[in-house]
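For reference, the structure discussed in these notes is given below.
The values are calculated or read from the model by the stated rules, or taken from the named source; none is laboratory data. This is a predicted model, so every value here is computed, not measured. Neighbour counts are summed over all protein chains in view; Cβ atoms, including those assigned to glycine, are modelled from backbone coordinates with ideal geometry. For accessibility, only protein heavy atoms count, side chains too; no ligands or nucleic acids. Shrake-Rupley method; radii C 1.70, N 1.55, O 1.52, S 1.80 Å.
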Amino acid sequence: GSPGFSGRSIVQLIVSDGVESSFPDLVAIHFSATASSLPVARAGNNFLHPDPTEPLVLRSETAGTDLEQRWLHILGPSEDLLAIEPGPEAEVDELIEGPYLFALLVEDTHGVSLPDFLAVAVGPSFTASDLPQITGPNRTTIGVDTVFRATHSEAGHWSIVNAPGDPPLLNDPEPLGAGATSIRLTFEARGRYVISVTAASGLTDWHALEVL
């Protein structure tokens, strides 16, 4: 069974015939916590921030105690990434108009969560219909068709941002009405994936999942 934690243990084997004992043989075993035992990050829903001169406040919606939480700046309208102090709540300033993408990571004694991504549209020119939001499972099984949905993505583009091997084949998205689309993926390799959708507005949302 799973030890419920990540790390390395040393196992010692000694053989005895009742009279003499062998020298110990040592084996190092690396344990990885199962996906179900890892904490789950909750960054909240994507949102608009109309005034770039006002600081942007990021607030984790992750439940639980004894957690280390940190926000990361992933994408922005310029190549410069913003440094963010660790903690469940962070204030970001020196913003310019455009799309921003942040990731929330949560860590406890079992390990580090999958990132939960938060897209923020900064500036008065964006509306709620410009901002896509992906929904779908954070875990799935190898070889199983898995469906992901995104709002405001009808004229957008789905892609695989990160994959442990060859990325799965991307079929044409299916329209769901009201500007939403869905995509069906079948994963052939275990590991962590990140998928994305970019709306016609240029705003992007990402979604991470673990394939078991």
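Below are the figures for this structure:
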{"quantity": "Accessible area of the chain belonging to carbon and sulfur atoms, whole % at 1.4 Å probe", "calculated": "51 percent"}
{"quantity": "Backbone N under 18 Å from the Ala155 label point (7 Å along Cα→Cβ), restricted to segment 164-185", "calculated": "173-182"}
{"quantity": "Average accessible area per residue (Å²) across segment 81-207 - probe 1.4 Å, nucleic acids and ligands excluded", "calculated": "49 Å²"}
{"quantity": "Student exercise, segment 152-212 dipole from Lys, Arg, Asp, Glu Cβ charges, in Debye to nearest 20", "calculated": "140 debye"}
{"quantity": "Simple spin-label estimate for Leu170 and Glu97 in nanometres, 7 Å along Cα-Cβ", "calculated": "2.8 nm"}
{"quantity": "Cα centre as origin, Lys/Arg/Asp/Glu Cβ charges: the chain dipole, Debye", "calculated": "620 debye"}
{"quantity": "Charge sum, other residues only, whose C-beta stays under 11 Å from Leu176's C-beta, Lys/Arg counted +1 and Asp/Glu -1", "calculated": "-1"}
{"quantity": "Inverse mean reciprocal Cα-Cα distance (Kirkwood Rh) of segment 97-212, Å", "calculated": "14.8 Å"}
{"quantity": "Potential lengthening between Ser78 and Asp17 on full extension [0.36 nm per residue; Cα-Cα distance subtracted]", "calculated": "15.0 nm"}
{"quantity": "Environment charge at His152 (Cβ cut-off 13 Å; Lys +1, Arg +1, Asp -1, Glu -1)", "calculated": "-2"}
{"quantity": "Amide H within-cut-off set for Arg70, under 5 Å, with H built and near neighbours excluded", "calculated": "Gly87, Leu105"}
{"quantity": "Per principal axis, descending, Cα span of segment 104-158 in whole Å", "calculated": "43, 29, 13"}
{"quantity": "Å³ per residue enclosed by the Cα convex hull of the chain", "calculated": "163 Å³"}
{"quantity": "Rg to Rh, two decimals, where segment 74-125 supplies the alpha carbon set and Rh follows Kirkwood", "calculated": "1.02"}
